[in-house]
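The values are calculated or read from the model by the stated rules, or taken from the named source; none is laboratory data. The structure presented is a predicted model; accordingly, all values stated were derived computationally and were not measured. Neighbour counts are summed over all protein chains in view; Cβ atoms, including those assigned to glycine, are modelled from backbone coordinates with ideal geometry. The accessibility values were calculated without ligands, DNA or RNA, using every heavy atom of the protein model including side chains. Shrake-Rupley method; radii C 1.70, N 1.55, O 1.52, S 1.80 Å.
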Protein chains: 2
Amino acid sequence: MNSRVYLDWNATAPLRPQARAALATHWNVAGNPSSIHEEGRAARSLVEAARDALARAVSADARNVIFTSGGTEANGLALTPGLFRKGGKPCERLVISAIEHASVLAGGRFLPEQMTIAPVDGDGIVDRDALRVLLHGKPAALVSMMLANNETGAIQPIGEIADIVHATGCLLHVDAVQAFGKIPFTLGELKADLLSLSAHKIGGPKGVGALVLTNDIEGVAATIRGGGQERGRRAGTENVAGIAAFGAAIEAALGGMPAESEAMVNLRARLESGLKRHAGAVIFSEAVPRLPNTTLFSVPGLSAETAVIAFDLEGIAVSSGSACSSGKVQPSHVLAAMGVAPGLIRGALRLSLGWQTQDADIDQCLEAWRKLSGVLGRGNETGLERF
Amino acid sequence: MNSRVYLDWNATAPLRPQARAALATHWNVAGNPSSIHEEGRAARSLVEAARDALARAVSADARNVIFTSGGTEANGLALTPGLFRKGGKPCERLVISAIEHASVLAGGRFLPEQMTIAPVDGDGIVDRDALRVLLHGKPAALVSMMLANNETGAIQPIGEIADIVHATGCLLHVDAVQAFGKIPFTLGELKADLLSLSAHKIGGPKGVGALVLTNDIEGVAATIRGGGQERGRRAGTENVAGIAAFGAAIEAALGGMPAESEAMVNLRARLESGLKRHAGAVIFSEAVPRLPNTTLFSVPGLSAETAVIAFDLEGIAVSSGSACSSGKVQPSHVLAAMGVAPGLIRGALRLSLGWQTQDADIDQCLEAWRKLSGVLGRGNETGLERF
């Protein structure tokens, strides 16, 4: 019997050994980082070391790193009406792309009537001409765009978007949760004003994330209020061991990135070549730069929900898209925004690789696909329903 | 040389071995609980087992347990304008006591002008007559009162408070973060409509908490929004291993509570008797029911900040009060509300015990106090400043 093959790294990655070691070393740190005794100072220094590691990783100032309970909280914290750059105008509205994560689609503390959605093209890339029109000559907006999409892996031209945003006196928040640790970037290279990150996508623990600001951003108001932690921008006793493990995961992920990315690109090329050999598989966003690890594909007539279960029975964990909606199967808003036909959206499957993915995993996945696609190949329009 | 003595368990407790074991067993669960494959289902079942453990612990329905990133977030989530009991009126205002935690003082999503503060007496117990006046014949309020105070340990007569609250058609939120695992209670015994809990106060990990609702409470609106996790009441990938460790800590804490409480009561009696032997120590809330582990005391002329450092140099971790304000030393709002003289407030020291506290720890603490109080005994009005 084959062992399990986990190809759902975009949903959540297993802990990196370095993060596990950090947790095991530090979970006995009893102190509260706000306490001034030795135990408190030990806890404080762990949090600050992780903050430094994160700041170094994206070339930010450590004092502008706000630890949160994850990417969703970081995105919600970023989307604050009234944000401004020193000397600039406060953001009165929110402009996001149509393919953002649910936590950005929710709009943070902007009201629905303050929000505008920018369209994307057939490859899932933000339409910059439309964005210009949405921003030009209007009240200052906070623009929130993801660096790489969690479903397709498509990488946005964030530098170009930033120029458009800044030329109109607006601010740019970049949700880099899915891109972090997979492609290199700094806050300066992205020209982002705010940046969201998450630990568990890079091999850190679930339940830890961060919002990073550039130096001249003002007006971030805490969503979780009470104590003065995180310079008054995020109350609550810090998840000390989790934050320390995030720091360890960051160093491990960025250190391993060049080699891991190259390996994943090669494995994915073989995977996609094999997928396309059967049942007329279409790979989304194939024509544009993508994360090295992500494949979103579909086959006409396939039911993704059934296919996920069929793959699971073959020992392979794949996703029918974003896992962030509590198991509810809804058509992908990302593919809908890209203008993909409903029949193809219904069959969209995401395979996402990680640093532990091996040749044998790809073999096992393609073997399963050969079997499963064969069912389709017999012209059964209801796809894999019999599994 | 003596080993360190940790007497700051109310700030944060070390991990219980059972919580550590749960973390070590489950941190490799790669799956996202929202994913439908085997790895996702394994993660889901860990979260649901912890939810069941928490529900059993306070006799609530598991579906009414909302996991959060801690007590502060749970309190903020609870304080939602518009909350109502099925068939009842929505809460238009917030009434809290003067001694609540900073996260309740912040008011959640109520505006400052919607908030009213109920006074406490000299022992730190809520003035029920004043509460009646604040609620009677006025628009429906959400009342938020802590079960036990984090600084003094004083236990509120929550049952009596609940009767007053419910007689006026209002709802009661109880912040039980500090009481959980130290005194027995259920949701029904407290007659609370909402209840906040935190993992790290009972030997679970930092960064995990919960809000618990009774069955007929409606209108809880997520503060962290996006995915549909926690029945749409708290978005973001669940802290799976942390939640599992919370569940393990709950079972260990409640199982150990009778014996641990008795041991702590006895150790504290010896501690307080020793403290009072020197320098005229006054113990706050001594005349009312208190948590078994908490001592807040002061000596005229003492500087608590200096004393914390002096104790620390003697190997003993104590607190000058709540640790939730990022190390900022501010006069205790709890003691101020109790009408304590500023000179005594300035010297207030909190010693809080835990399940690992031993006779030898009390000995070492009292030996340090004998030395330190001696400095005061020489009539030095500036207290321990020379340390």
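The table for this structure:
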read-out: log₁₀ of I(q)/I(0) at q = 0.09, 0.12 Å⁻¹ - the stretch B:216-330, Debye sum with one point per alpha carbon; value: -0.47, -0.75
read-out: Point-to-point label distance, A:K138-A:S59, nm (Cα→Cβ direction, 7 Å offset); value: 3.1 nm
read-out: Ascending list, in nanometres, of distances separating the A:A221 label from those of the other copies (7 Å, Cα toward Cβ); value: 1.4
read-out: Drop in accessible area of at least 10 Å² in the complex versus isolated chain, residues of the stretch A:194-211, 1.4 Å probe; value: A:H200, A:K206, A:G207
read-out: Label-point separation in nm, A:R128 to A:R4, each point 7 Å along Cα→Cβ; value: 4.3 nm
read-out: Average silhouette area of chain A, convex hull of alpha-carbon atoms, in square nanometres; value: 19.1 nm²
read-out: Beta bridges by DSSP in the stretch B:17-251, antiparallel share as percent, to the nearest 5; value: 45 percent
read-out: For the stretch A:141-263, the fraction of alpha-carbon pairs in successive 10 Å shells from zero, as %; value: 12, 38, 36, 13, 0
read-out: Residue-averaged 222 nm ellipticity for chain A, from DSSP H runs of 4+ at -39500 (n - 2.57), nearest 500; value: -11000 deg cm²/dmol
read-out: Ratio Rg/Rh, restricted to the stretch A:1-138 and using Cα atoms, in which Rh is the Kirkwood radius; value: 1.08
read-out: For the protein assembly as shown, the spread of Cα positions along each principal axis, largest first, Å; value: 89, 55, 50
read-out: Cα Rg, Dmax (largest Cα-Cα span) when computed across the stretch B:193-236, Å; value: 11.9, 31
read-out: Distant-in-sequence amide H partners of A:I316 (H built 1.01 Å from N, under 5 Å); value: A:V5
read-out: Cubic angstrom per residue, convex hull over Cα atoms of the stretch B:161-227; value: 109 Å³
read-out: Spin-label pair B:S45/B:D363, simplified geometry with 7 Å Cα→Cβ offset, distance in nm; value: 4.9 nm
read-out: Under 18 Å from the Cα of B:K371 - lysines, other chains or at least 8 residues apart; value: B:K276
read-out: Solvent accessible area, Å² - B:M257, 1.4 Å probe, full protein context; value: 20 Å²
read-out: For the pair A and B, total buried accessible area rounded to nearest 100 Å², probe 1.4 Å; value: 4700 Å²
read-out: Hypothetical label at A:L313: residues of the stretch A:355-369 whose amide nitrogen lies under 14 Å (7 Å Cα-Cβ projection); value: A:368-369
read-out: Helix runs (DSSP H) in chain B reaching 18 Å along axis by Cα, Kyte-Doolittle at least 0.5; value: B:240-276
read-out: Nearest-to-axis residue of chain A, judged by beta-carbon position, where the axis maps A onto B, in Å; value: A:S69, 2
read-out: Other-copy label distances relative to B:K276, 7 angstrom Cα-Cβ extension, nm; value: 8.4
read-out: Delta accessible area of at least 40 Å² on complex formation, residues of the stretch B:72-109, 1.4 Å probe, chain isolated as reference; value: B:T72, B:A106
read-out: Average accessible surface area per residue within chain A, 1.4 Å rolling probe, Å²; value: 34 Å²
read-out: The protein assembly as shown, accessible surface, carbon-and-sulfur percent (1.4 angstrom probe); value: 54 percent
read-out: For the stretch A:236-256, residues shielded by at least 40 square angstrom of accessible area compared with the chain on its own, probe 1.4 Å; value: A:T237, A:N239
read-out: Gain upon complete extension [A:E113, A:N215; 0.36 nm per residue less C-alpha separation]; value: 33.8 nm
read-out: At R0 = 45 Å, FRET efficiency that the Cβ-Cβ distance of B:K89 and B:R277 yields, to 0.05; value: 0.25
read-out: Pseudo-label separations to other copies for B:T25 - Cα-to-Cβ vector, 7 Å, nm; value: 2.7
